[in-house]
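> Have a look at the structure that comes next, please.
The values are calculated or read from the model by the stated rules, or taken from the named source; none is laboratory data. Just so it is clear, the model here is predicted, and its values are computed rather than measured. Glycine gets a Cβ as well: all are built from the backbone with ideal geometry, and neighbour counts include every protein chain shown.
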Amino acid sequence: MKLTTRERKKFRIRGKLKKVSNQERYRLSVSRSSKNISAQIIDDNKNITILSASSKDKSIKSVDKKNKTELSKVVAENLAKKAIEKKITKIYFDRGLYKYHGRVKTFAETLRKNGMEF
């Protein structure tokens with residue numbers, strides 16, 4: 001099976017994260033589309049999703065937003081609140097195949113401001 005360039009890039013980045021990961025940190029995976037952004041906190045040892053937040057959630061759709069960057073801030077704040085309730089503060093940031101720029105960078109900076117360490 002031949003992989004596309006996007007798939008190879010995603011597996012390369014994710015593979016590097018999994019090599020250095022340990023059992024006290026979880027992986028935060030970000031995915032974005034042209035209109036929405038979503039994120040999951042994943043336990044790679046048990047292969048389960050612990051938390052997730054998306055711009056498609058009802059609680060976030062009700063928030064008045066001006067653009068996609070502000071939408072990513074709202075989603076990051078929501079995810080940080082959920083994570084702190086479950087006492088998760090240390091994570092690995094998995095940007096996937098996206099550059100650390102724009103909405104992804106804003107998402108990461110907002111998480112840091114709200115108490116997440118990576």
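> So, in segment 78-118, how many residues would count as being crowded, with 18+ Cβ neighbours inside 10 Å and in a helix (DSSP H, G or I)?
Matching residues across segment 78-118 total 11.
> Consider ILE41 carefully, then state whether it is crowded, with 17+ Cβ neighbours inside 10 Å, among the hydrophobic types (A, V, I, L, M, F, W, C) and within 21 Å of LEU79 (Cβ to Cβ).
yes
> Mind telling me which of the residues LEU79, LEU111, LEU71 ends up being touching a Lys or Arg at 6+ places or on another chain (Cβ under 6 Å) and not small (Gly, Ala, Ser)?
LEU71
> May I ask you to list the residues in segment 19-50 that are under 11 Å from TYR92 (Cβ atoms), assigned to a strand (DSSP E or B) and not polar (S, T, N, Q)?
Passing the criteria: TYR26, ARG27, LEU28, ILE41, ILE42.
> In addition: Search segment 97-118 for residues that are among the basic types (Lys, Arg) and pair each with any residue that is assigned to a loop (DSSP other than H, G, I, E, B) and surrounded by fewer than 19 Cβ atoms within 10 Å (Cβ to Cβ) when their beta-carbon atoms are under 9 Å apart and the residues are at least 6 apart or on different chains.
LYS105/LYS99; ARG112/PHE118
Okay, residues lined up against (1) basic (Lys, Arg); (2) modelled with pLDDT of 90 or more:
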| residue | (1), (2) |
| --- | --- |
| THR5 | no, yes |
| VAL20 | no, no |
| GLN23 | no, no |
| ARG32 | yes, yes |
| ILE41 | no, yes |
| ASN47 | no, no |
| SER62 | no, no |
| GLU70 | no, yes |
| ASN78 | no, yes |
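> Taking segment 49-69 on its own, how many of its residues are closer than 17 Å to ARG103 by Cα, surrounded by 14 or more Cβ atoms within 10 Å (Cβ to Cβ) and among the charged types (D, E, K, R)?
Within segment 49-69, residues that are closer than 17 Å to ARG103 by Cα, surrounded by 14 or more Cβ atoms within 10 Å (Cβ to Cβ) and among the charged types (D, E, K, R) number 2.
> Still on this structure, I have one more. For segment 18-37, which residues satisfy the criterion of being loosely packed, with under 12 Cβ neighbours inside 10 Å and among the β-branched types (Val, Ile, Thr)?
Matches in segment 18-37: VAL20 only.
> How many residues are assigned to a helix (DSSP H, G or I), exposed (fewer than 10 other Cβ atoms within 10 Å of the Cβ) and over 18 Å from the mean Cα position of the chain (by Cα) if we restrict to segment 1-17?
Final tally of qualifying residues: 1.
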